[in-house]
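Read-outs throughout are calculated quantities, based only on the coordinates presented, and are distinct from any laboratory measurement. Being a predicted model, the structure only gives us computed values, none of them experimental. Glycine also receives a Cβ, built like all others from the backbone with ideal geometry; neighbour counts cover every protein chain displayed.
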Amino acid sequence: MVARFALAVLLCCSLFDAGAEARARKKTTHPVSDQITTAAIDVARNVIETRLSRVPADGQIEIAFAPLPQRSAERLVIKLIDSAQTSLFMAAYEMTSKPIADAMCAAAARGVAVSAVLDDKSNRHGDWRSKRDYLQACDVDVRTDARYPIMHDKFIVADGRHVETGSFNYTFAAAERNAENAIVVWNNPAMANKYSSEFDRLFAEAAD
């Protein structure tokens, strides 16, 4: 009787240990889907790190907001354009601002090499709202990019040294109605080089 009781106890203990070990393995073994998700996150993180660009925090920074005070964001954009002496590159989602288009044309007239890449759907030939045709008529080299659902960039590079960017679209609505911001980083060639490279990439894939 004692021997049978001892055997039963040993059997119960072994079953308990086996169950505990199985539960432990179940807790520590991640489903295949979790492993795939983790691997995908790691790959994405590595890609993002590769695409990140770090530049020195050099130069002077000037910021402005819209619509107040007095269209200051638009005036800051025009200030940058007016400063250009050799080159001016614009990437823009929408381009409907007559004052900004006039500043671009004035830069081209004084001998600055002016180029622009615009979102294709928002800047079709013959669209009275877009300044695409207006810019082309004053010798600005304009192309439109149809590769993306929207080409949503808003930046300008002047003379390979100065960069303007922000939420501010180059439009009447952005200047007069919307809550927007614009920032110009003056005298930062490293930053300007990064934006110039991105402009060149967009311009190369765009069409006349």
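Here are some notes:
- Ordering HIS152, HIS125 by the number of other Cβ atoms within 10 Å of each residue's own Cβ, fewest first, gives HIS125, HIS152.
- Percent of Cα pairs exceeding the 15 Å cut-off, where the set is segment 104-167: 56
- FRET efficiency, GLU176 to ALA137 (Cβ-Cβ, R0 25 Å, nearest 0.05): 0.50
- Here the gap between ARG45 and ASP102, fully extended at 0.36 nm per residue and compared with their Cα-Cα distance, gives a gain of 16.2 nm.
- Contour minus Cα-Cα distance for SER83 and ALA207 (0.36 nm per residue): 41.8 nm
- Over all orientations, segment 81-194 has a Cα convex hull whose mean projected area works out to 6.8 square nanometres.
- The residues neighbouring ARG110, those whose beta-carbon lies less than 14 Å from its own, together hold a net charge of -4 under the Lys/Arg +1, Asp/Glu -1 convention.
- Once the Cα-Cα distance is subtracted from the 0.36 nm per residue extended length, the GLU62 to ARG124 segment shows a gain of 19.1 nm.
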